[in-house]
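Data block below; observations after.
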Amino acid sequence: MHWQRMALFAATASALVWMNAAAVEAASLRMTPVGLDLSAPEKAGAISLTNTASEPVDLQVRIFKWSQVDGKDDLTDTRDVIVSPPVTTIKGGDTYTLRVVRVANRPVVGEEAYRLVIDELPKPIDPRATGQGVRMVLRSSMPVFFTAKDIRPDLQFKAWTEGGKSYLQVVNAGQRHAKLAGMK
């Protein structure tokens, strides 16, 4: 039994060394800004994508209507907002601009929430090549909001201590999202 454990240990160690030695490829995509927040009468915005790698990256871009149900994201197809282009290739070191446009004719009431989903398309694997390493693809999802003019969040804070622990509850009773940052 001892030699079997030693053989298993040696095989596992070899596999781990081989995996660590193999190249790990991941997209180097920088996005600016990391979301869009557009107030009426604005109907369009832009996001810059920069490929910081030396190799080109192929992308598929989609937009979905976004809601949260029981704390989970719910994405549904939409025709109210489009993104252009839906598929693109960005050369290494280049920057590309995506356009996001609300094409729905009806005015925004309150706030409409969407998610922009950017998927890196996998490169084909060459079956003749060795040592191709682990190939990883990137999926980015960022918020896009369209709001009626003068819509504001309405945050209500409640703080309490229970069992020696402090709690803070924030409820947004408004019609617009709010970003909380730097809270202590």
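Values computed for the structure shown
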{"quantity": "Candidate set from region 109-168 (those that are over 27 Å from the mean Cα position of the chain (by Cα) and charged (D, E, K, R)); member that is surrounded by the fewest Cβ atoms within 10 Å (Cβ to Cβ)", "calculated": "128"}
{"quantity": "Test for residue 149: is it farther than 22 Å from residue 81 by Cα, part of a loop (DSSP other than H, G, I, E, B) and either touching an Asp or Glu at 6+ places or on another chain (Cβ under 9 Å) or at pLDDT 85 or above (or both)", "calculated": "no"}
{"quantity": "Filtered residue count, region 15-35, keeping only those that are closer than 20 Å to residue 64 by Cβ and either in a loop (DSSP other than H, G, I, E, B) or at pLDDT 95 or above (or both)", "calculated": "3"}
{"quantity": "Residue pairs meeting the criteria (Cβ under 8 Å; at least 6 apart or on separate chains; first among the hydroxyl-bearing types (Ser, Thr, Tyr), in region 50-61; second assigned to a loop (DSSP other than H, G, I, E, B) and modelled with pLDDT of 90 or more)", "calculated": "50/94; 52/93; 54/92; 54/93"}
{"quantity": "Subset of region 68-89 that is assigned to a strand (DSSP E or B) and open to solvent by less than 50 Å² (accessible area, probe 1.4 Å) - its residue that is farthest from residue 43 (Cα to Cα)", "calculated": "88"}
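One line per residue, one yes/no per condition, for (1) in contact (Cβ under 8 Å) with a residue 40 or more places away in the chain; (2) out of contact with any Gly (no Cβ under 6 Å at 6 or more places or on another chain); (3) under 27 Å from residue 46 (Cα atoms):
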| residue | (1), (2), (3) |
| --- | --- |
| 122 | no, yes, yes |
| 125 | no, yes, no |
| 146 | yes, yes, yes |
| 167 | no, yes, no |
| 177 | yes, yes, yes |
| 184 | no, yes, no |
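The values are calculated or read from the model by the stated rules, or taken from the named source; none is laboratory data. Predicted, not measured: the structure shown is a model, and the values here were computed from it. Every residue, glycine as well, gets a Cβ built from its backbone with ideal geometry; the counts of neighbours run over all protein chains shown. What goes into the accessible areas is simple: the full protein's heavy atoms, side chains included, and nothing from ligands, DNA or RNA. Shrake-Rupley method; radii C 1.70, N 1.55, O 1.52, S 1.80 Å.
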